[in-house]
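Trainee: This structure is in structure tokens; I'll ask about it shortly.
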Amino acid sequence: LEGIWATALGLERVGTNDSFFDLGGHSLQAMEIISRVREFFQVEIPLRTLFEQPTVSSFAKFLMQRDVKVIDNRETETR
């Protein structure tokens, strides 16, 4: 998640307790983050989730509560 956020925000790194809004995040970047999370985790989540869970830590907790599993896409990419 930190990598997804850093890429979308154009930052080198993002900490788990950094707020999306404090880092200068705006609605287009929020849409990019949600899109990447949907693709990576194979889960459908509403955009408002990022606004309700603005830190990587709180966003991760939200995903864990939904029992989201990480899909390892690297395996399929090498075949």
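The values are calculated or read from the model by the stated rules, or taken from the named source; none is laboratory data. Source: prediction; values computed, not measured. We place every Cβ from the backbone using ideal geometry, glycine too, and count neighbours over all the protein chains shown. We work out accessible area using only protein heavy atoms, side chains counted, and drop any ligands, DNA or RNA first. Shrake-Rupley method; radii C 1.70, N 1.55, O 1.52, S 1.80 Å.
Trainee: Only residues in the range 2-18 that are under 10 Å from ILE33 (Cβ atoms) count as the first member; pair them with residues that are open to solvent by 60 Å² or more (accessible area, probe 1.4 Å) and in a helix (DSSP H, G or I), Cβ under 6 angstrom, at least 6 apart or cross-chain, and list the lot.
Mentor: That search, which allows pairs on different chains as well, returns ILE4/ARG36; ALA8/GLU32.
Trainee: Let me ask another. Could you tell me whether GLU2 is of a type in the set (Asp, Glu) and within 12 Å of the chain's Cα centre (by Cα)?
Mentor: Numbers: of a type in the set (Asp, Glu): yes; within 12 Å of the chain's Cα centre (by Cα): yes.
So GLU2 passes the test.
Trainee: Hey, among the residues in the range 28-44 that are part of a helix (DSSP H, G or I) and not hydrophobic (A, V, I, L, M, F, W, C), which one's least open to solvent (accessible area, probe 1.4 Å)?
Mentor: Filtering the range 28-44 down to residues part of a helix (DSSP H, G or I) leaves 28-41.
With not hydrophobic (A, V, I, L, M, F, W, C) added as a condition, the list becomes 29, 32, 35-36, 38-39.
Details: GLN29: 30, GLU32: 63, SER35: 64, ARG36: 98, ARG38: 82, GLU39: 126 Å².
Filtering first and then ranking leaves GLN29.
Trainee: Something else now. Step by step: first the residues of the range 45-66, then only those that are among the polar types (S, T, N, Q) and in contact (Cβ under 8 Å) with a residue 12 or more places away in the chain, then the one that is surrounded by the most Cβ atoms within 10 Å (Cβ to Cβ). Which residue is that?
Mentor: Kept after step one, since they are among the polar types (S, T, N, Q), are these residues of the range 45-66: 49, 53, 55, 57-58, 65.
Subsequent filtering for residues that are in contact (Cβ under 8 Å) with a residue 12 or more places away in the chain retains 49, 55, 57.
Working: THR49: 18, THR55: 20, SER57: 15.
Applying the filter and picking the extreme gives THR55.
Trainee: Just one of (1) surrounded by 13 or more Cβ atoms within 10 Å (Cβ to Cβ); (2) at pLDDT below 95 trips up GLY25, so point out which.
Mentor: Only one criterion in (1) surrounded by 13 or more Cβ atoms within 10 Å (Cβ to Cβ); (2) at pLDDT below 95 is unmet by GLY25, namely (2).
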